[in-house]
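This report concerns only the one structure given below.
The values are calculated or read from the model by the stated rules, or taken from the named source; none is laboratory data. Everything numeric here is computed off the predicted structure, so don't read it as measured data. Counting neighbours? That spans all protein chains shown, and the Cβs are built from the backbone with ideal geometry, glycine included. Just so you know, the surface numbers come from the protein's heavy atoms only, side chains and all, with ligands and any DNA or RNA stripped out. Shrake-Rupley method; radii C 1.70, N 1.55, O 1.52, S 1.80 Å.
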Amino acid sequence: MAEQQSPAFQFYFKDWRSSKRVSRISFKERGMYLELLIEQWDKGPLPLLVAELAESIGAKETDFKKSWPTLKSCFLQTAEGWVNERLERERVKQKLRK
């Protein structure tokens, strides 16, 4: 039987609000960032192609392309796709609690 993916992840709002990285991005980019985190939690590593990233979160490709140079600093490029390392640490913590 396949392991069930948790339907939720811990969101530390104080860390979000105190993050210099988050405070430096626009309100619109914060929304895209959060949508990318949700997509990664749900489906795993994010697509490497910018057009596919935009589509995965329902963003207009032209808007997303303008924001991606800023947003990509929140992710690590791997062979499987883009990942937010903090989110993956949260995934491991959840698995260890089971």
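What number of residues within segment 52-98 are among the hydrophobic types (A, V, I, L, M, F, W, C) and open to solvent by 40 Å² or more (accessible area, probe 1.4 Å)?
So the count comes out to 4.
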- [ ] Would you mind telling me which numbered condition in (1) part of a helix (DSSP H, G or I); (2) free of Cβ contacts under 8 Å to residues at least 40 places away in the same chain ALA8 fails?
- [x] (1)
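Yes/no per residue for (1) touching a strand residue (DSSP E or B) at 6+ places or on another chain (Cβ under 9 Å); (2) more than 18 Å from VAL92 (Cβ to Cβ):
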residue	(1), (2)
SER6	no, no
PHE9	no, no
TRP16	no, yes
VAL22	no, yes
PHE27	no, yes
LEU34	no, yes
LYS43	no, no
GLU52	yes, yes
- [ ] Looking at (1) of a type in the set (A, V, I, L, M); (2) out of contact with any helix residue (DSSP H, G or I) (no Cβ under 8 Å at 6 or more places or on another chain); (3) within 17 Å of TRP16 (Cβ to Cβ), find the lone condition where LEU37 falls short.
- [x] (2)
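Out of everything in segment 26-44 that is aliphatic (A, V, I, L, M) and crowded, with 18+ Cβ neighbours inside 10 Å, what residue ends up being farthest from THR70 (Cα to Cα)? Walk me through how you get there before you give the answer.
If we filter segment 26-44 for residues that are aliphatic (A, V, I, L, M), which is where we start, we get 32, 34, 36-38.
Of the ones still in play, those that are also crowded, with 18+ Cβ neighbours inside 10 Å are 32, 36-37.
Numbers: MET32: 11, LEU36: 13, LEU37: 15 Å.
Top of the filtered list is LEU37.
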